[in-house]
Amino acid sequence: MELLWEISGWAGAVAILSAYLAVSMGWLKAGKGFQTANLLGSCAFIVNGAFHEAWPSVVTNVAWFLISAVALLRMRAAQDSAAPVAEAPQVQFPGVPETGQMAIVEMPQVQFPGVPETGQMAIIDTTQARCA
């Protein structure tokens, strides 16, 4: 039975150190996977520390467990509350070429003599627009 508690301690060490290494090297984001590894690793350390009566280690890992558990719960709450964003429908107007991003801007109000006011709007292709 003692072997089981030792394996628990080493498994906890591997879980926590692997997660820390992966985040530090940029292989893993400090998200759900990282927090789960910390949660499981701290549980294993709690079991091992209690077996060896290493109470400072147990208390530290209970805190580690609580931090990871709260982080996971907050991630879940944020994920559940995030409403799906509806994407704007793609509209293709007849006679208007598909060029990518476009902006509709109002033309400056300039009245030229002899030209009737029309109130027209201009469509400017922002991928082609240049400032002089």
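Please treat every number below as a calculation from the coordinates, not as lab data. Owing to the predicted nature of the structure, the values given are computational and were not obtained by experimental measurement. Cβ placement follows ideal geometry from the backbone for every residue including glycine, while neighbour counts extend to all protein chains displayed.
Can you run phi through the Karplus equation (6.51, -1.76, 1.60; θ = phi - 60°) for region 6-18 and list ³J(HN,Hα) in whole Hz, with x for Gly and Pro?
5, 4, 4, x, 5, 5, x, 4, 5, 4, 5, 5, 5
Full-extension gain between L17 and E2, please, as 0.36 nm times their residue separation minus the C-alpha to C-alpha distance.
Working: separation 15, 0.36 × 15 = 5.40 nm, distance 2.29 nm.
Once the chain is fully extended between L17 and E2, it gains 3.1 nm.
Go through 40-49, 65-74 and give me the packing order, highest mean Cβ count within 10 Å leading. Numbers along the way, then the final one.
Numbers: 40-49: 21.8, 65-74: 14.7.
Highest-to-lowest ranking by the protection proxy: 40-49, 65-74.
What are the ³J(HN,Hα) couplings of region 22-39, residue after residue, when phi is run through the Karplus curve with 6.51, -1.76, 1.60 and θ = phi - 60°? Round to Hz, x for glycine and proline.
Rounded to whole hertz, the list is 4, 5, 5, 8, x, 7, 9, 7, 6, x, 4, x, 4, 5, 5, 4, 5, 4.
Across region 61-75, in residue order, what do the Karplus-derived ³J(HN,Hα) couplings come to in whole Hz, using 6.51 cos²θ - 1.76 cosθ + 1.60 with θ = phi - 60° and x for Gly and Pro?
Computed from phi, the couplings for region 61-75 are 6, 5, 4, 4, 4, 5, 4, 5, 5, 5, 4, 5, 5, 5, 5 Hz.
With label points built 7 Å along Cα→Cβ from the Cα atoms of V59 and L28, find their separation and express it in nm.
Going by the 7 Å Cα→Cβ label model, 2.9 nm.
Please state the relative contact order of region 10-88 as a whole percent: Cα pairs under 8 Å, 6+ residues apart? Don't skip to the end; give the middle numbers.
Numbers: 67 pairs, mean separation 22.0, N = 79.
Dividing the mean separation by the residue count of region 10-88 yields 28 percent.
For region 39-80, restrict the atom set to alpha-carbon positions and state the Rg and Dmax in Å.
12.2, 40
Take every Cα-Cα pair in region 1-43 and report what % of them are more than 16 Å apart. Write out the running numbers ahead of the final one.
Numbers: 324 of 903 pairs.
Value for region 1-43: 36 percent of Cα pairs lie more than 16 Å apart.
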